[in-house]
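Below you'll find the structure, written out as structure tokens, and then a few comments.
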Amino acid sequence: PIVRLCGVNITGAKSMQFLGVKFNHSLRFLEHVEHVNVQARKGLVAVRIMAVANIKQRLLVILYQALVLSTIKYAYISQKNRMTGENIE
């Protein structure tokens, strides 16, 4: 069905993103989980490439925290807060 809001047609979508969290039309998080998985794997590949290039371990840890852990933590916090009804701080 066509929905109009202030004279503008609003079209339906199979999925949407809100504050970095992806929802599908039935409010499932499968697309979001897949996206987080891909992003974390890309970060891990970057860390592995740097490890092969003999980057210092301290810098590898920083890269891991920035590229992989931050992605997983944000996804976890947003999912946990959705389930408990808490606000993200």
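For segment 5-16, does any single residue satisfy the condition of being open to solvent by 90 Å² or more (accessible area, probe 1.4 Å) and at pLDDT 85 or above? So that I can check it myself, show each step before the final result.
Here is the first cut: in segment 5-16, the residues open to solvent by 90 Å² or more (accessible area, probe 1.4 Å) are 5-6, 11, 14, 16.
Still in the list and also at pLDDT 85 or above: 5-6.
Yes - at least one qualifying residue is present in segment 5-16.
Can you tell me which residue within segment 14-55, out of those that are out of contact with any strand residue (DSSP E or B) (no Cβ under 9 Å at 6 or more places or on another chain) and in a loop (DSSP other than H, G, I, E, B), is nearest to Gln65 (Cα to Cα)?
Ile55
Does segment 9-30 contain any residue that is touching a helix residue (DSSP H, G or I) at 6+ places or on another chain (Cβ under 9 Å) and hydroxyl-bearing (Ser, Thr, Tyr)?
yes
The values are calculated or read from the model by the stated rules, or taken from the named source; none is laboratory data. Note that the structure is predicted; figures quoted are calculated from it, not measured. With ideal geometry, Cβ positions are generated from the backbone for all residues, glycine too; neighbour counts draw on all protein chains shown. These area figures cover heavy atoms from the full protein model, side chains too; ligands, DNA and RNA do not enter into them. Shrake-Rupley method; radii C 1.70, N 1.55, O 1.52, S 1.80 Å.
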